[in-house]
Amino acid sequence: PDASIRMRTVDLSTTTSEERLKLLKRPVLKSDEMIAKVKPIVDSVRIRGDAALLELTAKFDKAQLDTPLLLPPFYPLSDSQQLDPDVKEALDVAYANIYKFHAAQTDTKPLVVETMPGVTCTRFARPIARVGLYVPGGTAILPSTALMLGVPAQVAGCEQVVVATPPRADGSISPEVLYVAHLVGAHAVLRAGGAQAVAALAYGTETVPKVDKIFGPGNQWVTAAKMLVQNDTDALVSIDMPAGPSEVLVIADELCNPAFVAADLLSQAEHGIDSQVVLVGASLPDSILAKVEEEVDKQARALSRVDIVRESVSRSLIVKAGSADAAVEFSNEYAPEHLILHLRGASGWVSHVKNAGSVFVGPYTPESCGDYASGTNHTLPTNGYARQFSGVNTQSFQKHITSQEITIDGLEKLGPIVATLADCEGLQAHANAVRVRLGI
Ligand code: NAD
C-alpha cells in the first residue's frame, strides 16, 4: 500500500538563478525561539549549580543521581556493564586510526621567521586547557562521537577533558561511551544532557569543572544552549561550530554503481527526518538515474529506520547537471558537509572542490568509513558553513600564541618606521616607546 520512496528531481539546465539559490538553502534554524526556550534552563544551572542540574536530569532523563560527575577509572567496567568483544575490538581499531590521523595534525614545532635583520617573529601552539565534549545520548548511543572529540583533545594535550552525556534512567552511562572515555584519557564524565549539561560545562558547578571550549553535536536544546553561552561574557567559553542537520551530496556519472549510490544516500537519510540528501547527476543518463531511484526505494524498505528515511528521502533532491564541471560547480555553491564522488577519475576531481566538510573519493569509499573509523573526523560544518569553517581537528583543541624578540640593531632599523606610523595615527605614547629606547 505504501507509495514508493522517491526523491524530487530538478534539471539545472532549466532552472532560473532564483530557483538555483533556493536549491542551496537548508531548512531555517529557529535559533532565536530555541535560545529563549533554553535560557531558563541555562540560568537555573548557572545560579543553582548542582541542585538544578540534578533536578533537570531527573526531569528530562528520568535518572535520580546523587552526584552528576563520574571520575576515572572508567574501565574495567562494573559487573553489571558488558562490552561486546567485537565492539571493543572495533573501537580499538577506530581509535588507532583516528589517533594516527590526528597526531599527524599536531602543531608541535614553533614557526620562527626573521622578518628583518634582528627582528624575529615566532608562532607556537598551546592546548586549550579545559574542554567539554558533548556526546548525544537521548535516542542512540554514540561512542563514535566520543572518539571523534576525545582523540584530538588527547592528542592536543588538553589538561581537563570532561565528556558530557545524558545518563540512562538507572543513572548509568553506556559501556561503549565509558570505554572510549577510558581510551581517550578523559578526566571526568558528566552524567547530564541537553541545555543543562552545556550550562554546567560553561559556568561550572560545585562539582563540575568549568571549561574553556565546548564541542559536539546534539539536538536543538544542546545547539541553542551552546549558542547562548558562547555569547555570555561571564561564561567566557567558545564552541566548536554552528550545528545543523547532517548532509550529504553525491555526484554520480554514468559509470556509477546505482546500488552504491543509493546506499550512500540512505546512510545519510537515516540520521533524521531533517537530513539533507542531494544527488547531483553529472550528465547521468535517465536510465541509470531510474536504477538509482529503484535502488533507493528497494534498500529503504529493508531498513529498520524506514519511517525516518521515508520522510527525509521525500524532501531530498536529485539535481541533473549537464557535465561533471557543472555538477562540481553546484556542489561548491552548496558547500556540503559530506561530498561523495562517484565519478570517472574521481580523485582527479578533488582539486576542483572548493567548499566541503569532508570528501569521499571513488566507489569504494562510503561515508560510513569516515563516520566511524578511517581516521578523519566526523564533526563537520553543516548548513553551508563549509564555506568558512573546517571540521573538528587537532588544532580545534589548540590556540596559537605569537611572540617576538628584537635586537638593538633590529630596533634601530624598525623603530623609526614604527614611530612614523604611530605619529601618523596620533598615538604619541606608542612612538615614545621606540624613541626612549633609541634616544631619537
Ligand atoms: P541529545 O543528547 O542531543 O539530547 C538529549 C537531551 O535533550 C536530554 O538529556 C534533555 O536534557 C534534552 N531535552 C530533550 N527534550 C527536551 C525538552 N522538551 N526540554 C528541554 N530539554 C529537552 O540526544 P538526542 O535528542 O537523541 O539528539 C541527538 C542529536 O545529535 C540529533 O539531533 C542528531 O542529529 C545529532 N547528532 C549529530 C551528529 C553529527 O555529527 N552531526 C552525530 C550524532 C548525533
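Principal semi-axes of the equivalent ellipsoid, √(5λ) from the alpha carbon gyration tensor of region 55-120, are 44, 23, 11 Å from largest down. For region 29-163, what does the alpha-carbon gyration tensor say about shape, rounded, prolate or oblate, given a ≥ b ≥ c as the root eigenvalues, a/c under 1.5 as rounded, and a/b over b/c as prolate? In terms of gyration-tensor shape, oblate.
In this Cβ point-charge picture (+1 for Lys and Arg, -1 for Asp and Glu), the chain has a dipole of about 680 debye about its Cα centre. Placing unit charges on the Cβ atoms of the charged side chains and taking the dipole of region 11-161 about its Cα centre, the candidate lying farthest along the positive direction among Ser31, Val155, Leu133 is Ser31. Between Gln299, Gln154, Gln196, the Gaussian network model of the chain with springs among Cα atoms under 10 angstrom shows the greatest mean-square fluctuation at Gln299. Within the listed set Leu255, Leu54, Leu69, the residue fluctuating most in the Gaussian network model of the chain (springs between alpha-carbon atoms under 10 angstrom) is Leu255. The residue list Pro363, Gly218, Ala235 was ranked by how far each Cα lies along the charge dipole of the chain toward its positive end, using unit charges on Cβ atoms, and Ala235 comes out on top. Packing order of peptides 140-146, 203-209, highest average first: 140-146, 203-209 (average count of other Cβ atoms within 10 Å over each peptide's residues). Across the cross-link table entries Lys210/Lys399; Lys291/Lys354; Lys291/Lys320; Lys62/Lys210; Lys30/Lys226, which are compared at the Cα atoms, the separations over 21 Å belong to Lys291/Lys354; Lys62/Lys210. Simple point charges give the picture: +1 on the Cβ of Lys and Arg, -1 on the Cβ of Asp and Glu, and for region 183-341 a dipole about the Cα centre of about 560 debye. Sorting the segments 39-47, 427-435 by their mean number of nearby beta carbons within 10 angstrom, highest to lowest, gives 39-47, 427-435.
When the Cα atoms of region 305-432 are aligned to their principal axes, the ranges along those axes come out at 72, 34, 30 Å in descending order. Relative to the current alpha-carbon distance between Thr122 and Ala259, full extension at 0.36 nm per residue lengthens the span by 44.1 nm. Taking a point 7 angstrom from the Cα of Leu236 along the C-beta vector, which residues in region 203-219 have backbone N less than 17 Å away? Residues 203-205, 209-214 qualify, since their backbone N sits under 17 Å from the label point.
When only the Cβ of Lys, Arg, Asp and Glu is charged (+1, +1, -1, -1), the dipole of region 275-406 relative to its Cα centre reaches about 80 debye. Tell me, what does the Kirkwood hydrodynamic radius of region 167-316 come to in angstroms if you use every pair of distinct C-alpha atoms? Answer for region 167-316: a Kirkwood hydrodynamic radius of 18.4 Å. For Glu89, the accessible surface of its heavy atoms amounts to roughly 120 Å² (probe 1.4 Å, protein chains only, rounded to the nearest 10).
Within region 374-440, list the GluC sites (Glu not before Pro) lying in a DSSP loop whose Cβ has at most 15 other Cβ atoms in a 10 Å radius. Sparse-neighbourhood loop GluC sites (Glu not before Pro): Glu425. In the chain the Cα-Cα distances spread across 10 Å bins starting at 0 as 4, 18, 25, 22, 17, 9, 4, 1, 0, 0 percent of all pairs. Ellipsoid fit via the Cα gyration tensor, region 219-269: semi-axes of 39, 10, 6 Å, each the root of five times an eigenvalue, largest first. When nucleic acids and ligands are ignored and a 1.4 Å probe is applied, Phe389 ends up with an accessible area of around 80 Å².
Counting only DSSP H runs of at least 4 residues, each contributing -39500 (n - 2.57), and dividing by the residue count of the chain, the helix-based mean residue ellipticity at 222 nm comes to -13000 deg cm²/dmol.
Across region 261-342, the volume of the C-alpha convex hull divided among the residues equals 80 Å³ per residue.
Taking N as the number of residues in region 1-72, what is its Cα Rg relative to 2.2 N^0.38 Å? Mind showing how you got there, number by number?
Numbers: Rg = 22.9 Å, N = 72, 2.2 N^0.38 = 11.2 Å.
Compared with the compact-globule rule of thumb, region 1-72 sits at 2.05.
Restricting attention to the chain, close to 30% of DSSP beta bridges with both partner residues there are antiparallel.
Using C-alpha pairs under 8 Å with a sequence gap of at least 6, the mean separation divided by the residue count of the chain gives a relative contact order of 21 percent.
What do you get for Rg/Rh of region 186-260 when both radii come from the Cα atoms and Rh is the Kirkwood radius? Radius of gyration relative to Kirkwood radius: 1.24.
Exposure check, 1.4 Å probe, all protein chains in place: Thr67 carries approximately 50 Å² of accessible surface.
The values are calculated or read from the model by the stated rules, or taken from the named source; none is laboratory data. This structure is a prediction, so every number in the text was calculated from the model and none was measured. Positions of Cβ are generated from backbone atoms using ideal geometry, with glycine treated the same way; all protein chains shown enter the neighbour counts. Note: areas computed on protein heavy atoms with side chains; ligands, DNA, RNA excluded. Shrake-Rupley method; radii C 1.70, N 1.55, O 1.52, S 1.80 Å.
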